[in-house]
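Chemist: Okay, handing you the structure first.
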């Protein structure tokens, strides 16, 4: 693993250790703890590995954990399926190429633009690569400068997004940050991803706090509620799909309904 990937793995392990208590894993709370969470020795004991080996992992040192060790750590740290998948990915040898923006094949672009339902296409860095008229009517992608056409930049640094999502903005923004964390950690240290994080930190006061929690979430689908200035209060039920020809491309399609009054 590269140094940046090792650090991402170390940060993730520490964040998951910090959220657990001895009672969570069936251990007695014998002495007063100066910091929250399990001790490293306790995680190593639960995983059946040496304390020195686990310390090396949390220090981001150049070690290569086996799949058996990863599975044992997942059980010890009570990871869910999404977190386990993330841990496995972090333990794999990284792609050493620099990130380059994806190219949308003309056929794919035409299909997206022809859909009646709002739809847009993103890449690995969550750049908005293509969209149709229905999506533009809701999110205003066409009004954004090219440098702002990124799902996170649009959501976290735009006053328009805060108005659109209203009281639900923080929950939706934090959910997106947790979903993006899965993509980011596989590209940790890449200049394009570093630049994106710097922009989000500078443009969104809440971002740094959310980022430090190292939350990981799946993002296949869900519902967004927005208060559109023209369409009014609407619910956006969405699902996402990967392109077979290029799995880096993700298509998001929405079904729009009038929001129920509460």
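The values are calculated or read from the model by the stated rules, or taken from the named source; none is laboratory data. None of these values were measured; they are calculated from a predicted model. Every residue, glycine among them, receives a Cβ derived from its backbone with ideal geometry; neighbour counts consider all protein chains shown.
Chemist: Run down 253, 216 and say which single residue is assigned by TED's automatic domain parsing to the domain that holds residue 155 and part of a loop (DSSP other than H, G, I, E, B). Let's see the steps before the verdict.
Modeler: On the way: 253 fails: part of a loop (DSSP other than H, G, I, E, B).
Sole residue among the options that is assigned by TED's automatic domain parsing to the domain that holds residue 155 and part of a loop (DSSP other than H, G, I, E, B): 216.
Chemist: Give 152, 164 a once-over and let me know the one that is part of a helix (DSSP H, G or I), surrounded by 20 or more Cβ atoms within 10 Å (Cβ to Cβ) and modelled with pLDDT of 95 or more. Show your work before the answer.
Modeler: Working: 164 fails: modelled with pLDDT of 95 or more.
Just one listed residue meets the conditions, 152.
Chemist: Looking at region 26-41, can you tell me whether even one residue there is under 25 Å from residue 194 (Cβ atoms) and buried (at least 17 other Cβ atoms within 10 Å of the Cβ)?
Modeler: Pass one, region 26-41, residues under 25 Å from residue 194 (Cβ atoms): none.
Scanning region 26-41 turns up no residue that is under 25 Å from residue 194 (Cβ atoms) and buried (at least 17 other Cβ atoms within 10 Å of the Cβ).
Chemist: Could you grab me the full set of residues in region 200-213 that are in a loop (DSSP other than H, G, I, E, B) and touching a helix residue (DSSP H, G or I) at 6+ places or on another chain (Cβ under 8 Å)? Reasoning before the result, please.
Modeler: Narrowing region 200-213 to residues in a loop (DSSP other than H, G, I, E, B): 204-206, 213.
Answer for region 200-213, where residues must be in a loop (DSSP other than H, G, I, E, B) and touching a helix residue (DSSP H, G or I) at 6+ places or on another chain (Cβ under 8 Å): 204, 206, 213.
Chemist: While we're here: With respect to the numbered conditions (1) closer than 16 Å to residue 101 by Cβ; (2) over 16 Å from the mean Cα position of the chain (by Cα), which one is the sole condition not fulfilled by residue 142?
Modeler: Failing condition for residue 142: (1).
Chemist: Mind listing whichever residues of region 177-191 are modelled with pLDDT of 90 or more and surrounded by fewer than 18 Cβ atoms within 10 Å (Cβ to Cβ)?
Modeler: Within region 177-191, 191 is the sole residue that qualifies.
Chemist: What number of residues within region 159-175 are out of contact with any strand residue (DSSP E or B) (no Cβ under 9 Å at 6 or more places or on another chain) and in contact (Cβ under 8 Å) with a residue 40 or more places away in the chain?
Modeler: Total meeting the criteria: 1.
Chemist: Taking helices (runs of 4 or more DSSP H) that do not extend beyond region 1-68, which have at least 2 residues that are at pLDDT below 90 and under 21 Å from the mean Cα position of the chain (by Cα)?
Modeler: Values: elements: 3-18, 40-47, 51-58.
Answer list for region 1-68: 3-18.
Chemist: I would also like to ask the following. Would you call residue 231 surrounded by 18 or more Cβ atoms within 10 Å (Cβ to Cβ), touching a strand residue (DSSP E or B) at 6+ places or on another chain (Cβ under 9 Å) and either touching a residue at least 24 places away in the same chain (Cβ under 8 Å) or at positive phi (or both)?
Modeler: Numbers: surrounded by 18 or more Cβ atoms within 10 Å (Cβ to Cβ): no; touching a strand residue (DSSP E or B) at 6+ places or on another chain (Cβ under 9 Å): yes; either touching a residue at least 24 places away in the same chain (Cβ under 8 Å) or at positive phi (or both): yes.
Judged against the criteria, residue 231 is not a match.
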